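FYI, it's all coordinate maths here, none of it is from the lab. From a predicted model like this one, the values you see are computed outputs, not experimental measurements. Cβ placement follows ideal geometry from the backbone for every residue including glycine, while neighbour counts extend to all protein chains displayed.
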Amino acid sequence: MDFLNLAATSEKIPLIGLGTMGLGGYFLKDSSRDQEYINLIRNGVELGLTFIDTAEVYGAGHTEELIGKAINKKRSKVFLASKFSPEHSSFHQVVKSCEYSLKRLQTDYIDLYQIHWPNYDVPLDEIFFALEVLVKKGKIRFVGVCNFPLSWAKEVLKRIKNPPFCSIQDEFNLLNRTAEKQVISFCQKNQLTFIAYSPLDQGKFKDYKHYKMLEKIAKKYQKSVSQIILRWIINHRNVIAIPKASSLKKTLLPSILKLTVRISNKLIAFLKQRLLMYLQHLYQLLPGAIEKFI
Ligand SMILES: NC(=O)c1ccc[n+]([C@@H]2O[C@H](COP(=O)([O-])OP(=O)(O)OC[C@H]3O[C@@H](n4cnc5c(N)ncnc54)[C@H](OP(=O)(O)O)[C@@H]3O)[C@@H](O)[C@H]2O)c1
């Protein structure tokens, strides 16, 4: 597994982390597969996927409980990122949410504590003051935001020096490239880490019009399509991806196996093309046309 530094800190984080939304229920608790998910998280950590992303809202807290059970003997090996919900953005609620998450995660500290969605009714200064207090108490180490429009991310960077603001998390995959031109380049310019969520487009990549073409590319590189997609995402500077830990075979192994092997710059440039659909069409019209991009 390759690593990068979290923002401008000396903290090393892996380029691929474990997404946990849906493990133990999406927004309601589901205990029907607890042991399977605990094993899955343990396997992921053993395989080097030591960055774990979660949130207080996942499984109504149950996802954090499963992570707590899975990692309690390996806490120091893991970089734990959680989030508080927008309705918990007042000073006291942020502090309370953090306390509850720590309890469920069976740990004394969260490495990266993220604002899950912006709450425009609570001043940023109030939220960040709460986060500063949590840093000072040693309950959290770094701070990040998710789903922030660029204008708000800029505001955070301008006004908040303390606590250490390190990351922006947003959706980024082959079809949704909004972040590429805006938030990702902002992160690159300002030495922040971008965390790409839904990197596999929640499994929908199999329905892409150009899926056959992706399969062809994957075959050429002797990789799976999900490996090609993840490789393309983490090829962006300062970017890590957090595919959902759905199964050992489906996500965990493809996430780590040989991902460090570089694919050609030409292919990276090609995947970056916004006109991918058009090229797919071209490919169908002119078999073999794609090869010149690979
Ligand atoms: N900050 C936010 O607001 C936010 C929002 C969304 C997500 N996230 C984070 O990002 C993580 C990942 O995003 P995500 O869970 O939305 O989606 P994702 O990682 O893009 O996709 C996960 C889905 O893809 C399917 N999948 C995985 N590998 C596959 C393969 N090789 N072939 C076919 N299907 C495959 C899985 O299906 P199965 O379930 O059938 O195995 C799973 O449902 C989340 O778990 C969460 O930690 C954050």
Exercise. Where a Cα-Cα gap under 16 Å defines reach, which lysines qualify for Lys216, not counting those fewer than 8 residues away within the same chain?
Worked result: Lys206, Lys266, Lys292
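With the cut-off at 19 Å, tell me which of the pairs Lys77/Lys223; Lys74/Lys103; Lys154/Lys189; Lys103/Lys137 have Cα atoms farther apart than that.
Working: Lys77/Lys223 28 Å; Lys74/Lys103 16 Å; Lys154/Lys189 12 Å; Lys103/Lys137 15 Å.
From Lys77/Lys223; Lys74/Lys103; Lys154/Lys189; Lys103/Lys137, over 19 Å: Lys77/Lys223.
If I take all pairs of Cα atoms in region 61-215, what percentage of them are more than 29 Å from each other?
Values: 2844 of 11935 pairs.
Counting every Cα pair in region 61-215, those more than 29 Å apart make up 24 percent.
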Problem set entry | region 1-106: equivalent-ellipsoid semi-axes (sqrt of 5 x gyration tensor eigenvalues, Cα, Å) | 22, 19, 11
Exercise. Which ³J(HN,Hα) values, rounded to whole Hz and listed in residue order, are derived for region 239-254 from phi using the Karplus coefficients 6.51, -1.76 and 1.60 in 6.51 cos²θ - 1.76 cosθ + 1.60 with θ = phi - 60°, glycine and proline given as x?
Worked result: 10, 10, 10, 10, x, 5, 6, 7, 6, 4, 6, 7, 10, 5, 5, x
For this session: Give the residue from Val135, Asn190, Leu105 lying farthest towards the positive end of the charge dipole for the chain; charges sit on Cβ (+1 for Lys and Arg, -1 for Asp and Glu) and the dipole is referred to the Cα centre.
Result: Asn190
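What is the fewest-to-most order of Arg231, Arg42, Arg159 by other Cβ atoms lying within 10 Å of their Cβ?
Numbers: Arg231 23, Arg42 15, Arg159 11.
If I rank by nearby Cβ atoms, fewest first, I get Arg159, Arg42, Arg231.
Counting only DSSP beta bridges with both residues in the chain, what percent are antiparallel, rounded to the nearest 5?
Values: 4 of 32 bridges.
Restricted to the chain, the bridges split so that about 10 percent are antiparallel.
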Problem set entry | Isotropically averaged projected area of region 127-245, using the convex hull of Cα atoms (one quarter of hull area), nm² | 8.4
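What is the order of Met1, Met213, fewest Cβ neighbours within 10 Å to most? Could the numbers behind the result be given before it?
Working: Met1 14, Met213 18.
Exposure proxy ranking, most exposed first: Met1, Met213.
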Problem set entry | Candidate lysines - alpha carbon under 16 Å from Lys204, same-chain residues fewer than 8 apart omitted | Lys212, Lys244, Lys250
Problem set entry | For region 51-124, radius of gyration divided by Kirkwood radius, i.e. Rg to Rh on alpha-carbons | 0.98
Seminar exercise, completed: Residue-normalised 222 nm signal for the chain, counting each DSSP H run of n ≥ 4 as -39,500 (n - 2.57), nearest 500 deg cm²/dmol, is -10500 deg cm²/dmol
Problem set entry | Length released on extending from Tyr221 to Lys204, taking residue separation times 0.36 nm less the Cα-Cα span | 4.0 nm
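Taking all pairs of different Cα atoms in the chain, averaging 1/r and flipping that mean, what Kirkwood radius in angstroms comes out? Before the final figure, lay out the partial values.
Numbers: mean 1/r = 0.0509 Å⁻¹.
In the chain this quantity evaluates to 19.6 Å.
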For this session: Evaluate the relative contact order of the chain (contact order divided by residue number), counting alpha-carbon pairs under 8 angstrom at least 6 apart; express in whole percent.
Result: 17
